[in-house]
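Read-outs throughout are calculated quantities, based only on the coordinates presented, and are distinct from any laboratory measurement. Predicted, not measured: the structure shown is a model, and the values here were computed from it. Note that we place each Cβ from the backbone using ideal geometry, even for glycine, and neighbour counts take in every protein chain shown.
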Amino acid sequence: ETVARSSDATVTAMDHLFRRKRVGLLKPLLSLSLVFASFLMIHKLRLSEKDAFGVKHLRAAGWCGSECFSFKKEVGKTSLGSSESPAPRKEPDTQRVSNRTATWDAQVLNCSEDASVRTQDWFRRLDPRFHQFVLHRHCRYFPMLINHPEKCADGEVHLLMVVKSVIEQHDRREAVRKTWGREQTVDGKTIKTLFLLGSPNIGKDTKNLQKLIEYEDLIYKDILQWDFMDTFFNLTLKEVNFLKWFDIYCPGVRFIFKGDDDVFVNTHNLLELIGFKVEERKEADLFVGDTISKAIPIRNRQSKYYIPKELYDKPYPPYVGGGGFLMSSPLARRLFVVSEDLELYPIDDVFLGMCLQKLHLSPELHPGFRTFGITRRRVSSMNSEPCFYKNLIVVHKLSAQELLKMWSVVHGGDLVCAQRFSI
């Protein structure tokens with residue numbers, strides 16, 4: 001019996017020792033697996049670079065991106081898109097046809113601050129939070145980290161869904177892909193989707209975030225990324241860089257829906273609206289959304305949209321809420337032309353209104369676009385009523401979970417609404 005107990009104790013001790021060794025071996029095995037997976041992903045990304053799916057370069061920290069100012073100049077590449085200090089601006093010729101280049105040409109960036117601005121009295125009085133924006137306002141086009149020139153190349157695209165997002169909002173992009181941003185063909189009309197991103201902000205886990213977004217794009221192939229920091233003031237850079245990209249790569253697109261990654265879009269109603277405009281032959285100047293007229297700059301320093309008098313001191317032109325709007329392809333190309341003759345403005349919605357004003361156009365107000373929610377009272381039960389979502393086109397603002405849930409209810413087949421459901 002004593003021998004048996006001793007044997008059992010020995011077996012137990014050996015089993016315990018074996019388990020400890022197995023756990024000890026598990027960590028290095030997992031680490032090796034992660035290293036191997038990272039190597040494979042990097043290898044695939046490098047292969048894709050050879051097919052012009054991204055520009056890799058050496059970068060140093062600075063205003064334009066998380067690591068952005070000093071680049072290797074590629075042999076044989078032009079730098080037409082590099083942002084040198086601009087020549088004095090002339091009045092734009094709004095009838096001018098855009099000068100389409102074959103590829104994205106902003107490969108090398110030499111974007112130091114405009115030191116002459118520092119000597120001006122108005123700059124000394126300017127709120128310090130706007131200093132970097134003003135000093136680098138001439139920096140307009142940036143190298144691409146992720147590009148998909150093939151997105152619009154396969155025949156005619158009836159509707160291109162373009163979604164502003166940031167790297168960390170992976171759950172929002174997933175929700176959009178499963179709902180209104182799903183690439184599909186409806187009655188012979190092709191719908192494609194793209195997400196617009198900048199670079200991670202300085203101070204975040206930049207390298208890992210970048211690897212994650214590259215891996216996400218490897219799966220979905222629907223991300224455009226530029227090398228400027230993804231900040232609120234840089235949202236206008238997404239507008240101008242996308243307009244240039246669109247002018248180069250999308251000759252066969254007819255309409256563009258542009259919106260945020262936290263909106264609900266009723267795709268069926270959006271296509272119906274496009275159909276009505278085509279029937280009425282009003283698509284050439286089509287720019288429709290939740291129009292804001294007679295607005296003035298907000299002077300409250302606590303507001304996200306605060307603008308000091310030194311930066312802008314007159315009423316805004318009519319513009320649409322950036323949560324979601326629809327425009328035609330011809331108008332997008334004309335907006336690209338006039339945008340190049342305008343100084344960048346830190347609020348992207350207003351900047352597009354300025355571009356429209358240069359074209360002597362006003363955006364069309366449509367009640368189906370609710371970029372401030374169904375009602376501005378956030379606590380109102382109307383904001384969660386599915387029958388409104390069934391009859392509207394765009395509703396802002398929903399979390400990823402709310403979007404998935406509302407999409408399921410609206411398209412589930414069990415929803416019964418009155419024939420006329422008004423707000």
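Using the Cβ atoms and a cut-off under 14 Å, what net charge is assigned to the surroundings of residue 322, where Lys and Arg are +1 and Asp and Glu are -1?
Net charge in that neighbourhood comes out at -1.
Among DSSP beta bridges lying fully in region 135-370, give the percent that are antiparallel, nearest 5.
Counting DSSP beta bridges with both partners in region 135-370, the antiparallel share is about 40 percent.
Normalised by the residues of region 135-370, what does the relative contact order come to in percent, with Cα pairs under 8 Å and at least six apart?
Relative contact order comes out at 23 percent.
With an 8 Å Cα cut-off and a minimum separation of 6 or more residues, compute the relative contact order for region 147-240 in percent.
Computed value for region 147-240: 33 percent relative contact order.
In the structure shown, do any of 221/405; 164/358; 204/358; 164/314 have a Cα-Cα gap over 30 Å, and if so which?
Distance filter (> 30 Å) returns 204/358.
Dimensions of region 113-196 along principal axes (Cα, Å, largest first)?
Here the Cα extents, ordered largest to smallest, are 59, 28, 22 Å.
Cross-link candidates for residue 397: which aspartates and glutamates have Cα within less than 17 Å, leaving aside residues fewer than 8 places away along the same chain?
Result set, ordered by chain and number: 171, 174, 260, 261, 262, 290, 349, 385.
Relative contact order of region 277-324: what whole-number percent is it, with Cα pairs under 8 angstrom and at least 6 residues apart?
RCO, region 277-324: 42 percent.
Let's test the formula: R0 of 41 Å, r as the Cβ-Cβ distance of residue 204 and residue 154. What FRET efficiency results, to the nearest 0.05?
Efficiency, rounded to the nearest 0.05: 0.70.
I need the per residue convex hull volume for region 135-370, using only the alpha carbons, in cubic angstrom as a whole number.
134
Nearest 20 debye, what's the magnitude of the dipole of region 331-381 about its Cα centre given +1 on Lys and Arg Cβ and -1 on Asp and Glu Cβ?
The dipole of region 331-381 has a size of about 420 debye.
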